[in-house]
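The values are calculated or read from the model by the stated rules, or taken from the named source; none is laboratory data. All values derive from a computational prediction rather than experimental measurement. Cβ: placed from backbone, ideal geometry, glycine included. Neighbour counts: every protein chain shown. Ligands, DNA and RNA are stripped out before the accessible areas are found, and what is left, the full protein with its side chains, is counted by its heavy atoms. Shrake-Rupley method; radii C 1.70, N 1.55, O 1.52, S 1.80 Å.
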Amino acid sequence: CGVEIRGVHEGPANTVLVGLRGLVGQLFREDNVHKIRRGLAGRVKQGLSAGGAAYGYHADPAKKGGLVVNDLEAEVVRRIFDEFIEGSSPRAIASRLNREGIRPPRGKNWNASTLNGNQARGTGMIGNELYNGRLVWNKVRMVRDPDTGRRLSRTNPNDQREVASVPEYRIVPEDVFDRVSRIRTAGRRERPEFS
């Protein structure tokens, strides 16, 4: 159609100018990603949340980035850990919570994966170190699949994670959290003996 694209300061757009602007835009975007990540890492080092509040907590209205323990949800968290130690599977625990009408963190129902998560990634309620008073950030990174364009989650090595001690956020006693961790690591269930 013979339509010419003109920039206010550059004049007519040509292939070189469009390519240069694209490159500058991409470099700006990547620089912003690094700045945001550096800022979030700094918040975690200060013991502040770098994202949303986990089940059992809500945002502290008096301290930006701070969390406050939600007593009702914290009781549910303790119950989940206790039942897991007693030998209940995550599926059985989720089923009981659904029957009792206890509201889940997201969605309509509790699921086994909500509780168990992925052990290698440190996800799931029984693997969430915040319940033990340790704030862990940067467990995963998002990458784009070059074939499909979809975002994929990849686990970061432990040395890239930011960890801060926040004992004021502890919901589950350390010995209980450690016992659950040992059960998960062993890959077996410590079940009570029945006669």
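Worth pointing out:
- The chain: angle of helix 90-99 to the longest principal axis, Cα-based, in degrees nearest 10: 90
- Hz values of 3J(HN,Hα) by residue in segment 146-156 - Karplus curve (6.51, -1.76, 1.60), Gly and Pro given as x: x, 7, 9, x, 7, 7, 10, 8, 10, 6, 8
- A value for P(r) over Cα pairs in 5 Å bins from 0, in percent was derived from the coordinates, and within the list [x] 1, 7, 12, 13, 11, 9, 9, 10, 10, 9, 5, 2, 1, 0, 0; [y] 1, 6, 11, 15, 15, 13, 10, 7, 5, 4, 4, 3, 3, 2, 1, 0, 0, 0; [z] 1, 7, 15, 20, 21, 17, 12, 5, 1, 0 it appears as [y].
- Taking every protein chain into account, the accessible area of segment 35-124 amounts to 59 square angstrom per residue (probe 1.4 Å).
- For segment 41-155, averaging the sequence separation of C-alpha pairs within contact (under 8 Å, six or more residues apart) and dividing by the residue count gives a relative contact order of 16 percent.
- Rounded to the nearest 20, the Cβ-based charge dipole of the chain about its Cα centre (Lys and Arg +1, Asp and Glu -1) stands at 380 debye.
- Helical runs (DSSP H, four residues minimum) scored at -39500 (n - 2.57) apiece and divided by the length of the chain put the mean residue ellipticity at 222 nm at -12500 deg cm²/dmol.
- Under 12 Å, Cβ to Cβ, from F177 - net charge with Lys/Arg +1 and Asp/Glu -1: +1
- Computed 3J(HN,Hα) for segment 21-33, one whole-Hz value per residue from the Karplus formula 6.51 cos²θ - 1.76 cosθ + 1.60 where θ = phi - 60°, is 4, x, 5, 4, x, 5, 5, 4, 4, 5, 5, 5, 4, glycine and proline marked x.
- For the set R103, R6, R141, solvent exposure ranked by accessible area (probe 1.4 Å, protein chains only) runs largest to smallest as R103, R6, R141.
- The string of couplings for segment 126-139 from the Karplus curve (6.51, -1.76, 1.60, θ = phi - 60°) is 6, x, 6, 5, 4, 5, 9, x, 10, 8, 10, 10, 6, 6 Hz, one whole number per residue in order, with x for Gly and Pro.
- Under the combined filter of DSSP loop state and at most 11 neighbouring Cβ atoms within 10 Å, segment 20-100 retains these GluC sites (Glu not before Pro): E86, E100.
- A13 long-range amide H proximity, modeled H, under 5 Å: I5, R6, G7
- Carbon plus sulfur fraction of accessible area for the chain, probe 1.4 Å, in percent: 51
- Relative contact order computed over the chain (Cα-Cα under 8 Å; 6+ residues apart), in percent: 19
- All lysines inside 23 Å of K64 as judged from Cα atoms, apart from same-chain residues fewer than 8 positions distant: K35, K45, K139
- V16 exposes around 110 Å² of accessible area when a 1.4 Å probe is run over every protein chain in place.
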